[in-house]
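What follows is a short report on a single structure.
Values quoted throughout were computed directly from the atomic coordinates according to the rules given, and no laboratory measurement underlies them. The structure displayed is predicted, hence computed values, not measured ones.
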Amino acid sequence: MTTVRNIAQGVRSFTSNVFLVEGERTVLVDAGNDFDAVERIEGAVDDLDALVLTHTHPDHIGNARSVIERFDVDVWGYDADASLVDYELADGDTLAIGDAEYEALYTPGHKNDHLCFYSRDAGTLFAGDLIFANGGFGRTDLEEGDRSKLIESIEYVYETVDDDLAGMYVGHGPAVESHPKNHVELALQAAKTGF
């Protein structure tokens, strides 16, 4: 059975959430920044099969090199031209995370290389910095940020996930394990109204 744990829980530095997904294929979703991710991974599992990136902002990739060196893993992300990415994922591509197949959803707006990962069978969405709990959404005031693209991306996610979505793991803040599709809808409304 797949287990999802945020190994960045309790870290007091500028980092994203970092999800260690244990299962048939043990995968790290994002690497975080400015804490010893390797030590935390080693404290939880014997080995790691892959590192998957939602996007390449520094708070999501700062620990990537140490994770790659320690576990000799390949990195999956949107842009194979990015220095860390070994394997490119386009919209609609699938990959195994834990015990399930996930679809890569291309979701720019926060950053041009942003991906979300959705498994209908597992009822799980890794939302990166696109959507947060309680209707939060990714900032668009950084380089490559674009509010209209972000709104389109949230709409795309809302139309793609079904009502059986059971868990949404986000780049910052708490995971959403109760009615996550409602939080996606709230984020869409908030992004459209500018709040």
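Write down the Å³ per residue value for the convex hull defined by the alpha carbon atoms of region 3-193.
104
Once you have the Cα-Cα distance between ASN112 and ASN134, take 0.36 nm times their residue separation minus that, and quote the gain in nm to one decimal.
Result: 5.5 nm gained on full extension.
With axes computed from alpha carbons, what is the tilt in degrees of helix 147-160 against the longest principal axis of the chain, rounded to the nearest 10 within 0 to 90?
Once rounded, one gets 80 degrees.
If each DSSP helix of 4+ residues adds -39,500 (n - 2.57) and the sum is divided by the residues in the chain, what number results at 222 nm, nearest 500 deg cm²/dmol?
Taking each H run of at least 4 residues, the total per residue is -6500 deg cm²/dmol.
Once you have the Cα-Cα distance between ARG12 and ASP34, take 0.36 nm times their residue separation minus that, and quote the gain in nm to one decimal.
Full-extension gain reported as 7.0 nm.
Determine the relative contact order of the chain: mean sequence separation of Cα pairs under 8 Å and six or more apart, normalised by residue count, in whole percent.
15 percent.
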